Amino acid sequence: MSGSRKTKVQWRVRPGLCSHARARQGGWQACPRSPAGAGPWTLCPEFAAGGPSILPDGSSLGANEIPGVLCVVDRATPTGSLLLYTWRVGPGWVADVRSSGGGNSNKIDVQVTNQAGEKHEITVQPGKTVIR
């Protein structure tokens, strides 16, 4: 990755939950705790309290956020599909949705960049969530 600059970020997932994709694998599983001082959920504050948001069709919504940079909200359907529901970016960041879920992989991949060349990414797929 020539010409790109990576920075360390502190990130947060909903307390006690990792990904709605795990609901299809026998229930919610504990996540590693966010680093101390990771900051508030500024882009998706409605998900800060934790727990799933259940839609009338039985789908559930969950979110992962890099505070002030990127929030990705995923939707897990009762039939097992994992879909990108929405994403939000902080000021100065531009999002590139690489994959919106569904299909064979059920993978969601959203990347963001800013003018300084910093890059971050949230990837969600069944059983695995990566935030960098």
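Bear in mind these aren't lab numbers, they're just calculated from the coordinates by the rules spelled out. Predicted model only: the values in this text are computed from it and were never measured. Glycine also receives a Cβ, built like all others from the backbone with ideal geometry; neighbour counts cover every protein chain displayed.
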For the pair S99 and L83, how long in nm is the line joining their label points, each one 7 Å along Cα→Cβ?
1.8
Mind checking the full-extension length gain between Q115 and D57? Use 0.36 nm per residue of separation minus the Cα-Cα distance, one decimal, nm.
16.9 nm
